[in-house]
Amino acid sequence: MPLFTYKVRVDPRTVKTGTITAENERAAVAKLLELKYHPLALAPVRGRRRRWWWAGERLRKKETYLFLRQIANLAVAGIPLITCLQNMSAQSGNARLRSLVNELREHVQKGMPLSEAMEIHTGTFTLLDINMLKAAETTGTLPETLEKIADIYEQELSFSQKLRAALSYPLLLSIVGTATLFVLSAFVLPKFVALFDQLEQRLPLVTQALVSASLFMEKFWPAVLGLLALLAVAGTRLRKAPRAKRVCDETLLKIPYIGAIISGAHVARFARTLGNLIGNGVPILNALRICVTVLPNAAYAREIETVQEQVSRGSQIWEALRETSLIDRNTLDLISIGEQSGRLDEMLFRVARMHERETAERIETFLFLLEPLLILFFGAIVALIVIAILLPILQMNFIVQ
């Protein structure tokens with residue numbers, strides 16, 4: 001949904017600025033009028049402006065989790081919502097979080113439901129958060145739902161931290177190995193070129209290739225670094241184009257083992273998201289629409305869009321999922337049992353746990369194999385360089401003898 005910046009007059013002496021989401025400018029003005037604001041200026045925000053977390057009111061994911069966990073703890077304790085927000089504003093040492101809490105408190109004091117107040121800040125809160133809260137406000141289970149949303153954030157952050165910790169050593173090994181090879185080829189090997197030139201003999205083929213590569217790196221290493229940086233930037237920009245992203249995501253799913261990890265993670269995320277939404281009373285079509293937005297892989301998102309269309313025509317979820325090529329038979333059976341027994345949310349959580357466990361095991365095995373493979377790869381290249389340097393010297397000694 002588009003984001004707009006606004007400038008409004010709150011009272012004869014107070015002018016306020018902020019952001020709001022709406023389908024169009026007319027809807028944005030209507031929302032501002034509902035808040036008893038007098039609009040002075042309204043302009044759409046370009047996508048690039050929202051990209052940086054320090055450029056506006058958007059919170060990082062960990063900050064959002066801390067906010068949700070704090071308000072959930074206070075709400076579960078029976079403290080009124082406005083009092084919760086007031087206490088959090090007074091106690092928060094984070095300027096962005098305090099600003100956000102103050103805006104939410106102002107909207108809630110004027111009678112706006114918390115979900116609608118959070119919907120204004122879609123850069124911080126997801127559609128999953130907002131729709132779960134909307135359903136909870138209808139059923140009167142707001143504290144429990146806030147706690148459930150905080151648990152979702154906690155689980156995602158925990159998985160991300162574990163993954164970063166597991167990848168830290170292979171990443172460090174790759175960086176150190178690449179830097180070592182670069183320094184050897186650009187600065188160390190050229191020192192041996194003069195020595196090789198003095199040898200009145202034909203150099204081995206591997207040494208000739210190494211000398212040529214070394215001379216090239218010595219002369220053009222700034223251009224090589226610039227080209228690599230340019231390719232990285234171009235690749236990042238290209239991947240943001242919808243068509244290129246779809247092709248890239250489909251290709252990733254076809255890579256052996258890597259595709260299985262990506263597929264398992266997406267099935268788990270889809271099942272857990274859908275289970276949370278259905279369990280909170282969100283209509284099935286809305287729940288499927290939200291699932292599309294939380295799946296980063298374009299191939300999976302497109303398949304779930306197809307599922308949503310088929311369900312809107314009267315198909316059951318498991319029947320629509322059966323037509324896709326991304327859901328395995330065992331998962332379909334569990335979803336079918338859950339849908340027929342009226343316990344779909346429970347079965348979706350079971351599916352999520354199953355795939356999360358399998359994905360974690362695959363990641364652990366992959367990283368277990370990756371570390372020695374990286375060591376062997378860089379070790380083999382260094383060994384090749386050493387052999388290429390020593391061969392002419394050993395040949396010279398043999399000739400002398």
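The values are calculated or read from the model by the stated rules, or taken from the named source; none is laboratory data. Here the structure is a predicted model, which means the values were calculated and not measured. Every residue, glycine as well, gets a Cβ built from its backbone with ideal geometry; the counts of neighbours run over all protein chains shown.
Computed values, structure above
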read-out: Hits in the range 20-44 - residues which are of a type in the set (D, E, K, R) and over 20 Å from LEU104 (Cβ atoms); value: GLU23, GLU25, ARG26
read-out: Some residue of the range 358-370 being in a helix (DSSP H, G or I) and closer than 25 Å to ASN280 by Cβ; value: yes
read-out: Candidate set from the range 16-32 (those that are surrounded by 14 or more Cβ atoms within 10 Å (Cβ to Cβ) and among the β-branched types (Val, Ile, Thr)); member that is modelled with the lowest pLDDT; value: THR21
read-out: Some residue of the range 39-60 being modelled with pLDDT of 80 or more, assigned by TED's automatic domain parsing to the domain that holds ALA136 and surrounded by 15 or more Cβ atoms within 10 Å (Cβ to Cβ); value: no
read-out: Scope the range 61-87; condition surrounded by 15 or more Cβ atoms within 10 Å (Cβ to Cβ) and among the hydroxyl-bearing types (Ser, Thr, Tyr); matching residues; value: THR64, TYR65
read-out: Matching residues in the range 235-256 - criterion: being modelled with pLDDT of 85 or more and loosely packed, with under 11 Cβ neighbours inside 10 Å; value: LYS254, PRO256
read-out: Test: LYS219 is out of contact with any Gly (no Cβ under 8 Å at 6 or more places or on another chain), among the basic types (Lys, Arg) and over 30 Å from LEU390 (Cβ atoms); value: no
read-out: Checklist (1) over 18 Å from LEU274 (Cα atoms); (2) not in a loop (DSSP other than H, G, I, E, B) applied to THR122, failing item; value: (2)
read-out: Cβ-Cβ under 8 Å pairs, at least 6 apart or on other chains, the range 237-258 side more than 14 Å from ALA298 (Cα to Cα), far side not in a loop (DSSP other than H, G, I, E, B) and not charged (D, E, K, R); value: LEU238/ALA244; TYR257/PHE366; ILE258/LEU252; ILE258/PHE366
read-out: Enumeration of residues in the range 268-287 that are of a type in the set (A, V, I, L, M, F, W, C) and either crowded, with 24+ Cβ neighbours inside 10 Å or at positive phi (or both); value: PHE270, ALA271, LEU274, LEU277, ALA287
read-out: Where a residue in the range 295-319 is over 14 Å from GLU250 (Cβ atoms) and its partner, wherever it lies, is of a type in the set (Ser, Thr, Tyr) and part of a helix (DSSP H, G or I), with Cβ under 6 Å and at least six apart; value: TRP318/SER336
read-out: The listed residue being at negative phi and either aromatic (Phe, Trp, Tyr) or not assigned by TED's automatic domain parsing to the domain that holds ILE278 (or both), out of GLU371, GLU319, GLU323; value: GLU371
read-out: Pairs with Cβ under 9 Å, 6+ apart, first in the range 96-109 and among the polar types (S, T, N, Q), second buried (at least 19 other Cβ atoms within 10 Å of the Cβ); value: ASN102/LEU85; GLN109/LEU85
read-out: Enumerated helices (runs of 4 or more DSSP H) restricted to the range 219-338, each holding at least 2 residues that are over 20 Å from the mean Cα position of the chain (by Cα); value: 258-279, 284-294, 298-312, 317-322
